[in-house]
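Novice: I have a structure I would like to understand better, so I am pasting it below and will then ask my questions one at a time.
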Amino acid sequence: MNLGLTFMKKADACGVHGASSKAANRTLLWMIAASLSLIVWHVWTYGPSGHWAAGDSVDKAFPLLLWGELLDLFSNNHGILAELWDILPYFLVGLLLGGYLRTYKVAVKLQASLRRYGIASVFLASLIGIITPLCACGTLTTAISLLFAGLPLAPVMSLLVTSPLLSPSAFLLTLNDLGPEWTVIRTVSAYAMGVFAGLVAHLLRNRGFKTKELFVEGAIVRGDFHDEDYPDERLRCNCREKFGNRVAVKTSNKFLIFLAKSAEMCWPVGKYILVGVAVGSIVERYVPYQWIYQLFGSKDPLSIVWVTFGSVPLFLHQISASSILAHIKSSLHGTLDSGAALAFIVGGPVTAIPTLALFWSVFKKRVFVLYLVVCIVGTILIAYGSKVLVFVPGVDTGNALFRGVGHLSGGPSAVIEKKGPNVRVILDVNDRRTIAVADSDPIGGQGGIIFDAALDRLKDAARLDNLIYFSNAAQWLEKDGINSKKTILIYGSWRRGGNDTVKFEPLQNALQKHGFTVKVIDRSQAHHLTDKHLADYSQIWMIFGESTAGSRLKDDEIRVLSNFSSDGKGLLIMAGAGEGDEHDMGATNQLSSKLGATFSSYGEYQKEIKVANGSGFFNKASALIGRVLKIFHKA
């Protein structure tokens, strides 16, 4: 079969749709230039901030300092290249899914059927918008063709709002960046936005929003879908603008067409991933912490409003949004304001500048205003609604340690202070950070770490949902570690009984049900930890119940535990009240300070800490999507 002509240079422009728009590419270049300028300014003003910065760096020429900073930004264990490698499988599956939808015309066939369903078409159009593998500008062209074909504005408005918010690729990348719970929340929010927009347009249909009253006279329709099966023949074409069309002309082999249509999406989707990862890394590393905190961590009741309006002038693509949000989440010293975060990933993509520019040039101004108002009001309503019904203040939404957990024990607790860049606070009750984690680093060999500031949770393990939490912790440490034996050593720092005695039987029984072998010892049984003590275990749980001299670790013990973590094994550090001076966290901080966190300021919490709102739908949907995530991790 001769496909040589397939790779000939494409025509200069499509006769139906016009030349491809360069506005989005220009905006991306501006974003890259602004990001590079921020790096240059930071290195010039403060010097290098990465691991490359050595003690003699001040003696180096500025170009060498800048080069070292860029090299570290890209190549360190948590750099841009490492994140792109992590994203790659989700990106490839998203391309293949999008290629399938385009090869078999799934979205086009559904669009053509919209006119049959009346007001119900709003709900169908919202679903179509979510699965359509198009950019916002491509969807706008499709929507215009449907309006030309006589479809009412209501379902078209639903399609226009949902398509920029989610696609197969964005769905999978959200799953990787933020986890199954956030993926469900983002999907439901996108669908709700579409339904809201469609119903508003339906209610206003007789107030100047009939199909014939929408367009600017003489406006030229441009886009990037180029398909011979468009619902309206005036926008139907099979030009050579797209690689997939050039292949389809030469062969009827569906598999080859599928590969071509998947491949042609690499750059349109991939460029947003590249820019999103880069911008997210730069935001986390260089943007002043106080700026990010004010919008995403300060618990300001109006933060949703500020983020919604602040995201309007940004060019935030659906593909980039989850990556940038993941970096914002990691940069905070407390937990993320989930309502503001949802406003960011909904309000940003739906009001992207290229889409608004096309709206302004093609539609009459009242349609432009309707779209903008619907997007802003819908974002605010959905974000505040989710804040009341779904999110719990101070809780890292969707964290694996809280899966199936409704309430945890509170009581006496220290406060965790984040010191390392890879540490994330996941439970922050009234600005008292009580649980934090450090994700594993497969490249550097570091295992996962959990910091827990409330020993009472372990003392009362059978109370509330504490056992579920500890079971989740064991499974997360095992999954997040490199060496998996499902063996846990629980080591207590105390030398005698009394207040530091913990009844471990309920915890041991719960962990054994998940296939773990658990051994409990204290300092009276093993007064000096060595490599030999830890050799047979994939996790060690260090329980600090005393801060007396005998409970403190020696330097070689700290080195043994640090090496244990560096070998890719899991570590849980739990702080307890000191004897004599309850604020002395010295014994705990001997170890934790080496691993990215410290404990301080011992005090009383509420007896019960709410971790999740009960929602059967979200729990079941998240569990289902979580299984998909496990398949990717195994692959």
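Novice: Can you find a residue in region 408-418 that is assigned to a loop (DSSP other than H, G, I, E, B) and more than 15 Å from MET574 (Cα to Cα)? Don't jump to the end; show me each part of the working.
Specialist: Quick first cut of region 408-418, residues assigned to a loop (DSSP other than H, G, I, E, B) only: 410-411.
Keeping just the survivors that are more than 15 Å from MET574 (Cα to Cα) gives none.
No: zero hits.
Novice: Residues LEU507, LEU455: which one is surrounded by 18 or more Cβ atoms within 10 Å (Cβ to Cβ), out of contact with any Pro (no Cβ under 7 Å at 6 or more places or on another chain) and modelled with pLDDT under 85? Spell out the reasoning first.
Specialist: Numbers: LEU507 fails: modelled with pLDDT under 85.
When all the criteria are applied, what remains is LEU455.
Novice: Separate question: Of the numbered conditions (1) touching a Ser or Thr at 6+ places or on another chain (Cβ under 8 Å); (2) small (Gly, Ala, Ser); (3) at positive phi, ALA383 fails exactly one; give the number of that condition.
Specialist: (3)
Novice: Let me ask you something else. Give the number of residues within region 330-345 that are surrounded by fewer than 24 Cβ atoms within 10 Å (Cβ to Cβ) and of a type outside the set (S, T, N, Q). Walk me through how you get there before you give the answer.
Specialist: Residues of region 330-345 that are surrounded by fewer than 24 Cβ atoms within 10 Å (Cβ to Cβ), as a first pass: 330-334.
Pick out the ones that are also of a type outside the set (S, T, N, Q) and you get 332-334.
The number of residues fulfilling the criteria is 3.
Novice: How do the helices (runs of 4 or more DSSP H) wholly within region 134-215 filter down when requiring 1 or more residues that are at pLDDT below 80, buried (at least 24 other Cβ atoms within 10 Å of the Cβ) and not β-branched (Val, Ile, Thr): which remain?
Specialist: Values: elements: 136-148, 153-162, 168-178, 180-203.
Of the helices (runs of 4 or more DSSP H) lying wholly inside region 134-215, those with at least 1 residues that are at pLDDT below 80, buried (at least 24 other Cβ atoms within 10 Å of the Cβ) and not β-branched (Val, Ile, Thr) span 136-148, 168-178.
Each row is one residue, and each column tells you yes or no for (1) at pLDDT 70 or above; (2) of a type in the set (A, V, I, L, M, F, W, C); (3) in a helix (DSSP H, G or I); (4) open to solvent by less than 60 Å² (accessible area, probe 1.4 Å).
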residue	(1), (2), (3), (4)
ASN245	yes, no, yes, yes
PHE255	yes, yes, yes, no
LYS261	yes, no, yes, yes
TRP267	yes, yes, yes, no
LYS271	yes, no, yes, yes
LYS299	yes, no, no, no
VAL312	yes, yes, no, yes
ILE324	yes, yes, yes, yes
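Novice: Only residues that are in contact with a Ser or Thr (Cβ under 6 Å, 6 or more places away or on another chain) and modelled with pLDDT under 85: list them for region 562-582, please.
Specialist: Taking region 562-582 as the starting set, the residues that turn out to be in contact with a Ser or Thr (Cβ under 6 Å, 6 or more places away or on another chain) are 569, 571, 573, 575, 578-579.
Listed by number, the residues that qualify are ALA575, GLY578, GLU579.
Novice: If I filter region 469-488 down to residues being surrounded by fewer than 18 Cβ atoms within 10 Å (Cβ to Cβ) and outside any loop (DSSP other than H, G, I, E, B), which single residue comes out as modelled with the highest pLDDT?
Specialist: If we take residues in region 469-488 being surrounded by fewer than 18 Cβ atoms within 10 Å (Cβ to Cβ) and outside any loop (DSSP other than H, G, I, E, B), then THR487 is modelled with the highest pLDDT.
Novice: Is it the case that region 100-112 has a residue that's surrounded by fewer than 21 Cβ atoms within 10 Å (Cβ to Cβ), modelled with pLDDT of 70 or more, more than 30 Å from LEU36 (Cα to Cα) and touching a Gly at 6+ places or on another chain (Cβ under 9 Å)?
Specialist: Checking region 100-112: at least one residue is surrounded by fewer than 21 Cβ atoms within 10 Å (Cβ to Cβ), modelled with pLDDT of 70 or more, more than 30 Å from LEU36 (Cα to Cα) and touching a Gly at 6+ places or on another chain (Cβ under 9 Å).
Novice: Of the residues that sit in region 590-635 and are over 19 Å from GLU417 (Cα atoms) and in a loop (DSSP other than H, G, I, E, B), which one is modelled with the highest pLDDT? Give the derivation first.
Specialist: Restricting attention to region 590-635, the residues satisfying the condition of being over 19 Å from GLU417 (Cα atoms) are 606-635.
Okay, now just the ones that are also in a loop (DSSP other than H, G, I, E, B), so 606-607, 611-615, 635.
Details: GLN606: 77, LYS607: 83, VAL611: 86, ALA612: 79, ASN613: 68, GLY614: 58, SER615: 55, ALA635: 47.
Among those residues, the one meeting the criterion is VAL611.
The values are calculated or read from the model by the stated rules, or taken from the named source; none is laboratory data. All values derive from a computational prediction rather than experimental measurement. Note that each Cβ is placed from the backbone with ideal geometry, even for glycine, and that neighbours are counted across all protein chains shown. The protein model used for the area step is the full one, side chains on, heavy atoms only, and it has no ligands, DNA or RNA in it. Shrake-Rupley method; radii C 1.70, N 1.55, O 1.52, S 1.80 Å.
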